[in-house]
């Protein structure tokens, strides 16, 4: 459903996640005080993981925190090696320059980072691949330590359910060694509905559960009242009972499904509400039907949230 909706309305404010934002704020405060802290945010597709993390990142930046974000890519079983960490290093290079990043490392040598970006020169010889991988892990940790020495850092890794083995291994290494990086908070998101019984992320999560400073955050669907607030934010006024019943009945409180459904003018016509009040009608004009709720749409690919 969601991939087929080209135009989607959205709420200007985050709804129904105040408790989760407070928990992330608390985790960051612990990291700033010198205690290691990592939060694993899980939830089904469309439930709002990316929106939550984006809101938290914006708040953190406003408080002077450096926020680094990298996402895994859906590229099949093997994935792209170190994809989220490559994105993080690339952003640092844009901000500090390759020389500035290298200057944070012992001896100013960032040769192992060349495995991720060509700006750092030639990577290690293939014969040294095993040792080079270990040195890459160490350089990634040292880089985060040095950044955190200058001020609090939030490292966000999104869509970990798509991560390749190298990225999973580096994530575990960094989390296990977080005590040496005071001021660093790690936040990881993943889709719970993608974790089949043999998914490689399952044993990783079980391993991380045994680490005292790792917290799981299960992001559920919105309640009916919160769904009403979301609808109100989108259409500009509180929904009547018929509209709320229609929206909640068909979306079951999944925020992305709510947004997609409200983009369809047919629902408003059926409920006696002007489609234009939600900026909708475009999907309806194209003949698209949002269909049933999350339970009936799980077989289709959803947008990343």
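The values are calculated or read from the model by the stated rules, or taken from the named source; none is laboratory data. Remember, it's a predicted structure, so these values are computed and weren't measured experimentally. Note that each Cβ is placed from the backbone with ideal geometry, even for glycine, and that neighbours are counted across all protein chains shown.
Could you tell me whether residue 155 is without any contact (Cβ under 8 Å) to a residue 60 or more places away in the chain, at negative phi and touching a strand residue (DSSP E or B) at 6+ places or on another chain (Cβ under 7 Å)? Working first, answer last.
On the way: without any contact (Cβ under 8 Å) to a residue 60 or more places away in the chain: no; at negative phi: yes; touching a strand residue (DSSP E or B) at 6+ places or on another chain (Cβ under 7 Å): yes.
Considered against the rule, which asks whether it is without any contact (Cβ under 8 Å) to a residue 60 or more places away in the chain, at negative phi and touching a strand residue (DSSP E or B) at 6+ places or on another chain (Cβ under 7 Å), residue 155 comes out as no.
Has the range 211-221 got at least one residue that is touching a residue at least 40 places away in the same chain (Cβ under 8 Å) and more than 23 Å from residue 68 (Cα to Cα)? Full working, then the answer.
The first filter runs over the range 211-221 and keeps only residues touching a residue at least 40 places away in the same chain (Cβ under 8 Å), leaving 211, 213-221.
Now narrow it down to the ones that are more than 23 Å from residue 68 (Cα to Cα): 220-221.
Taking every residue of the range 211-221 in turn, at least one turns out to be touching a residue at least 40 places away in the same chain (Cβ under 8 Å) and more than 23 Å from residue 68 (Cα to Cα).
Evaluate the following for residue 13: is it outside the structural domain of residue 200 (by TED's automatic domain parsing) and under 20 Å from the mean Cα position of the chain (by Cα)? Can you show your working first?
Numbers: outside the structural domain of residue 200 (by TED's automatic domain parsing): yes; under 20 Å from the mean Cα position of the chain (by Cα): yes.
It is true that residue 13 is outside the structural domain of residue 200 (by TED's automatic domain parsing) and under 20 Å from the mean Cα position of the chain (by Cα).
Being within 29 Å of residue 38 (Cα to Cα) and out of contact with any helix residue (DSSP H, G or I) (no Cβ under 9 Å at 6 or more places or on another chain) is not true of residue 181.
Let's see how each residue does on (1) over 21 Å from residue 144 (Cβ atoms); (2) surrounded by fewer than 19 Cβ atoms within 10 Å (Cβ to Cβ); (3) outside the structural domain of residue 132 (by TED's automatic domain parsing):
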{"residue": "64", "(1), (2), (3)": "no, yes, no"}
{"residue": "73", "(1), (2), (3)": "yes, yes, no"}
{"residue": "81", "(1), (2), (3)": "no, yes, no"}
{"residue": "84", "(1), (2), (3)": "no, no, no"}
{"residue": "91", "(1), (2), (3)": "no, yes, no"}
{"residue": "94", "(1), (2), (3)": "no, yes, no"}
{"residue": "97", "(1), (2), (3)": "no, yes, no"}
{"residue": "101", "(1), (2), (3)": "no, no, no"}
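Residue count for the range 191-213, restricted to those that are more than 18 Å from residue 37 (Cβ to Cβ) and touching a strand residue (DSSP E or B) at 6+ places or on another chain (Cβ under 9 Å): 5. Candidates 172, 156: the one that is assigned by TED's automatic domain parsing to the domain that holds residue 74 and buried (at least 21 other Cβ atoms within 10 Å of the Cβ) is 156.
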